[in-house]
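*Asks:* Just dropping this structure here.
The values are calculated or read from the model by the stated rules, or taken from the named source; none is laboratory data. As the structure is a computational prediction, the values presented were derived from the model and not from experiment. Positions of Cβ are backbone-derived with ideal geometry, glycine not excepted, and every protein chain shown enters the neighbour counts. Accessible surface areas use protein heavy atoms only, side chains included; no ligands, DNA or RNA. Shrake-Rupley method; radii C 1.70, N 1.55, O 1.52, S 1.80 Å.
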Amino acid sequence: MKTHITGCIVTYNNMATIDNAVKSLLECTAASFELFVVDNGSTDGTPEYIEKNYPSVTVIRTDKNIGFGAGHNFILDKLNSEYHAIINPDIIVKDDVISKMAEYLDENPDIGLLSPEIRFPDGRLQVLGKKNPSLPYLVSSRLRGSGEPSAKLREYAMLDKDLSKPLDIENATGCFMFIRTALFKEIGGFDKRYFMYFEDCDLTREVNRRSRAVYYPEATVYHEWGRESKKNFRLKLIQITSMFNYFAKWGLK
């Protein structure tokens, strides 16, 4: 029986990027793949555009912005797949990463979640945390300019490890996660205390309590990564609230 895989993109006024995301996923994926788009009350025509141009995609409206994690949880009871991909609307794939990651999980039943290599559209590697967040790590990440990453940020992103091979990690970024559906359901999806930000760190910790989270560089996705919380005061406040919620749950270590 062919492995069935689901994927979900949560959107909120993402017309600028979602067409490329959906198109690349559908064109590149050879596996049995069912894609959901959960729209959090967009006013820019996003859900109508997807319904018109991609009839194979299931569009579900929440009618208001319920947040990133809650948007993904909205379809939890609809998932009948073996594996599930959590995908940002600003992700592009250039080859069949979905099948590649499914095959790797088939071969490694002790792994519960895969995090691919993540690059900017121009090919530069994104420096993303792979260890559990701590205040020093987060400060280093926030203060990083355009130059080389600091020693603390290198430690957070595990840049001094051999990232050309699969590697166990403590923290996987939510822009693209590939998880066993049964495990995602067992955990209960994303923790409801996070509207946005830190829910990916939290989910990875929950995975590692039960299984393994692994960085898998054989699969590469491309992420525009606007870092909106650096530009938008409201998003910055949401991020700070989520950070406090995260440390209240897991402690400062």
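*Asks:* Can you tell me which residue is least open to solvent (accessible area, probe 1.4 Å) among those in the range 224-249 that are at pLDDT below 75 and assigned to a helix (DSSP H, G or I)?
*Replies:* Taking the candidates together, the pick is Ser229.
*Asks:* Considering only residues of the range 17-53 that are hydroxyl-bearing (Ser, Thr, Tyr) and within 28 Å of Ser242 (Cβ to Cβ), which is surrounded by the most Cβ atoms within 10 Å (Cβ to Cβ)? Before the answer, list the steps.
*Replies:* Let us first name the residues in the range 17-53 that are hydroxyl-bearing (Ser, Thr, Tyr), namely 17, 24, 29, 32, 42-43, 46, 49.
Checking the rest, the ones that are also within 28 Å of Ser242 (Cβ to Cβ) come to 17, 42-43, 46.
Numbers: Thr17: 18, Ser42: 19, Thr43: 7, Thr46: 25.
Only one residue fits best here, namely Thr46.
*Asks:* Is there a residue being open to solvent by 30 Å² or more (accessible area, probe 1.4 Å), part of a strand (DSSP E or B) and in contact (Cβ under 8 Å) with a residue 12 or more places away in the chain anywhere in the range 135-147?
*Replies:* Within the range 135-147, none of the residues are open to solvent by 30 Å² or more (accessible area, probe 1.4 Å), part of a strand (DSSP E or B) and in contact (Cβ under 8 Å) with a residue 12 or more places away in the chain.
*Asks:* In addition: Inside the range 148-186, can you point out the residues that are of a type in the set (Asp, Glu) and surrounded by fewer than 15 Cβ atoms within 10 Å (Cβ to Cβ)?
*Replies:* Glu148, Asp160, Asp162, Asp168, Glu186
*Asks:* Collect the residues in the range 166-190 that are among the aliphatic types (A, V, I, L, M) and assigned to a loop (DSSP other than H, G, I, E, B), keeping them in residue-number order.
*Replies:* Step one: of the range 166-190, the residues among the aliphatic types (A, V, I, L, M) are 167, 169, 172, 177, 179, 182-183, 187.
Within the range 166-190, Ile169, Ala172 meet the criteria.
*Asks:* Checking the conditions here, which among Ala182, Ala213 is of a type in the set (Gly, Ala, Ser), modelled with pLDDT of 95 or more and touching a Lys or Arg at 6+ places or on another chain (Cβ under 9 Å)?
*Replies:* Numbers: Ala182 fails: touching a Lys or Arg at 6+ places or on another chain (Cβ under 9 Å).
Within the list Ala182, Ala213, the selection yields Ala213.
*Asks:* Among the numbered criteria (1) at pLDDT 95 or above; (2) within 21 Å of His223 (Cα to Cα), which single criterion is violated by Asp162?
*Replies:* Every listed condition holds for Asp162 apart from (2).
*Asks:* Looking at the structure I just gave you, is Thr220 hydroxyl-bearing (Ser, Thr, Tyr), modelled with pLDDT of 95 or more and assigned to a loop (DSSP other than H, G, I, E, B)? Steps first, answer last, please.
*Replies:* Details: hydroxyl-bearing (Ser, Thr, Tyr): yes; modelled with pLDDT of 95 or more: yes; assigned to a loop (DSSP other than H, G, I, E, B): no.
The answer is no for Thr220.
*Asks:* Now, a different point. Is it the case that Arg180 is touching a Leu at 6+ places or on another chain (Cβ under 9 Å) and of a type in the set (D, E, K, R)? Outline the logic, then answer.
*Replies:* On the way: touching a Leu at 6+ places or on another chain (Cβ under 9 Å): yes; of a type in the set (D, E, K, R): yes.
So Arg180 fits the description; yes.
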